[in-house]
Amino acid sequence: PVSRYGHTAVYDAPRDRILVFAGRTPALNNETWALDLSTNPPTWHLLATSGSTPGGRIQHVAIMDPPRNRMVMYGGTGQQRYQDVWTLTLDATLPWTRLASVSSIGSLTGAGAGYDGAVDQMVVFGGSDGSNYSNQIRRLKLSDITWTSVSPGLVSPAGRTLAAFAY
């Protein structure tokens, strides 16, 4: 792929590859690329996905959802501020599916996200709603795509965006 920023990247362990979605190249795009780590040297492949594809965007978040063999992607900004949730199922046809067009947590850009397998949720921290930086923790229950907010407690970091997040 050409150079880009504002994209997401997740590790697909069963296929030993990294999946990269969207970003600015300098144009917004909605490409899905795979870096095959099982080859020497690792090789890039543009994936031919199916279904309606999410709009091109930057500063969104994505995680792997191992029990459902899919990547889950939320939010970001591009032609608009997005508050949608999409999945890319990792089967032969690679279908994109829009799970929710409007999130109960609104639109966030530049948040961090990770997968918590113990409770089967995507955990999202921080980000910007367009006017404020958040220090909120939000959880997306992957079995039914419902959002909840979590109180960070009495001591919490200041709001932030574009911070690294790993779990």
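Brief remarks on what is shown
- Within the stretch 114-131, the residues that satisfy the criterion of being open to solvent by 60 Å² or more (accessible area, probe 1.4 Å) and more than 18 Å from ILE58 (Cα to Cα) are ALA118, VAL119.
- Within the stretch 111-135, residues that are modelled with pLDDT of 95 or more and of a type in the set (Ser, Thr, Tyr) sit with their Cβ atoms under 7 Å from residues that are open to solvent by 50 Å² or more (accessible area, probe 1.4 Å) and part of a loop (DSSP other than H, G, I, E, B), at 6+ positions apart or across chains, in these pairs: TYR115/TYR167.
- Positions within the stretch 52-110 being exposed (fewer than 15 other Cβ atoms within 10 Å of the Cβ) and acidic (Asp, Glu), in sequence order: ASP91
- Residue check, LEU35 under 13 Å from ALA9 (Cα atoms), of a type outside the set (Ser, Thr, Tyr) and over 13 Å from the mean Cα position of the chain (by Cα): yes
Residue by residue, here is whether (1) crowded, with 18+ Cβ neighbours inside 10 Å; (2) free of Cβ contacts under 8 Å to residues at least 60 places away in the same chain holds:
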| residue | (1), (2) |
| --- | --- |
| VAL2 | no, yes |
| ASP12 | yes, no |
| ARG17 | yes, yes |
| ALA27 | no, yes |
| ASN30 | no, yes |
| TRP33 | yes, yes |
| SER38 | no, yes |
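- Scan of the stretch 137-158 for residues that are touching a strand residue (DSSP E or B) at 6+ places or on another chain (Cβ under 6 Å), assigned to a loop (DSSP other than H, G, I, E, B) and open to solvent by 30 Å² or more (accessible area, probe 1.4 Å), ordered by number: ILE145, PRO152
The values are calculated or read from the model by the stated rules, or taken from the named source; none is laboratory data. Quick caveat: nothing in here was measured; it's all calculated off a predicted structure. Here Cβ is always computed from backbone atoms with ideal geometry, including for glycine, and neighbour counts include all displayed protein chains. To get the accessible areas, we keep the full protein, side chains included, count just its heavy atoms, and leave off ligands, DNA and RNA. Shrake-Rupley method; radii C 1.70, N 1.55, O 1.52, S 1.80 Å.
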